[in-house]
Amino acid sequence: VVGLPLVKRSKAQAALHDLRSAYDASISEAGLILVQQTAAGADSHHVSQSCVDVLGWDPAAFLTAGTLRSIVHVDDLSLFRTAATDPEGEAAIIRLRKPDGTYGHFRFGVTVRGISQPLTYSLVDVTRDAAARTARVRAAEMIDGSDSAMLVMSLVDLSDPASLIVEDLNPAAARLLRRDSLVTLDEVFSDDTRQLLHNAAFDVAHTGENLAFARLNLGELPDLLLDVRLSRLADGTISMRIDD
C-alpha cells in the first residue's frame, strides 16, 4: 500500500498564508470591508485586513468598543444605528472618517446569521458613485433654480440629426414653451426652426464646441427675441439654454 505523501507543517502554513493574502487582496480591490461583532450585542468588532487599504485604519483598533461608531459622520449616526440593529432593514450609505480626516462613502448592511448570533456587516466603498450622484443632484438643482429655460437633449442615432429627443426641461422652459413635458422639438417648433436646432445640436454633439444664436426670432414665439446656447455635457447629452 502506497501512503499519501506527507506535507510539512511549514509548507502548509505558508500555503495558507498565501491563500489568506490573496483573499485579503481581492476584497481590498473590490473596496470591501467585512465586519463582525466580537460577541452577540457587543459594540466591538473583528474587521477584515482590507480595512487598511480601503479605509486606512488598523483592523485591531475596532476591538475597542465604540470605535466603529466613532468614525461615522455625525449626520449619519441615525442611519448607522438603524442599519446596525435591524438585520431585516435596507443597507444605508454612510460616511466614515479616514485617518487624514476626510470621509469616504460606504454602503453599510447587515448579514443575518441567526438569533443570538454575532451580527456581521459589510462595508462597500461607494465613494465614486456617491460623488457622481451628488454632482447629478447638484446639477439638477442648479438647472431647476435657473431663470433661463434649460433643455437637456440627446441623439438616439448619432448619425441622424432628426433623432434628437428631449430628456428633461426645467420649470423656466416649461413656462416659456407652455408645456410641462416634451419628447421632441416637433411638438413646439416649426420645420424650419426644428431643422436649425437639430443641425446645431448635431454639430455640438460631434465637435464638442458650443454654438450660440443671438436675438433669434422664432415664429412660434413672435413676441420674443431669444439668445440660444447649445453645449455638450460631460455625459454626451446636449444642453440648450434659452434666454429672453
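The rows are residues; the columns are (1) touching an Asp or Glu at 6+ places or on another chain (Cβ under 8 Å); (2) under 19 Å from Thr237 (Cβ atoms); (3) in a helix (DSSP H, G or I).
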| position | (1), (2), (3) |
| --- | --- |
| Asp147 | no, no, no |
| Ser159 | no, yes, no |
| Val166 | no, yes, no |
| Arg175 | no, no, yes |
| Arg179 | yes, no, no |
| Gln195 | no, no, yes |
| Arg215 | yes, no, no |
Thr193 meets each of (1) more than 25 Å from the chain's Cα centre (by Cα); (2) open to solvent by 20 Å² or more (accessible area, probe 1.4 Å); (3) of a type in the set (Ser, Thr, Tyr); (4) modelled with pLDDT under 85 with one exception, condition (2)
Please state which one of Gly56, Gly3 is at pLDDT 90 or above, more than 21 Å from Thr85 (Cβ to Cβ) and not in a helix (DSSP H, G or I).
Gly56
State all residues of segment 165-178 that are over 17 Å from Ser146 (Cβ atoms) and surrounded by 14 or more Cβ atoms within 10 Å (Cβ to Cβ); if no residue qualifies, say none.
none
Residue among Ala84, Ala91 that is open to solvent by less than 20 Å² (accessible area, probe 1.4 Å), within 24 Å of the chain's Cα centre (by Cα) and not hydroxyl-bearing (Ser, Thr, Tyr)
Ala84
Could you list, in sequence order, all residues of segment 28-48 that are at pLDDT 90 or above and among the polar types (S, T, N, Q)?
Gln36, Gln37, Thr38, Ser44, Ser48
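The values are calculated or read from the model by the stated rules, or taken from the named source; none is laboratory data. Just so it is clear, the structure is predicted and the values come from calculations on it, not from any experiment. FYI the Cβ positions are ideal-geometry reconstructions off the backbone, even for glycines, and counts take in every protein chain you see. What goes into the accessible areas is simple: the full protein's heavy atoms, side chains included, and nothing from ligands, DNA or RNA. Shrake-Rupley method; radii C 1.70, N 1.55, O 1.52, S 1.80 Å.
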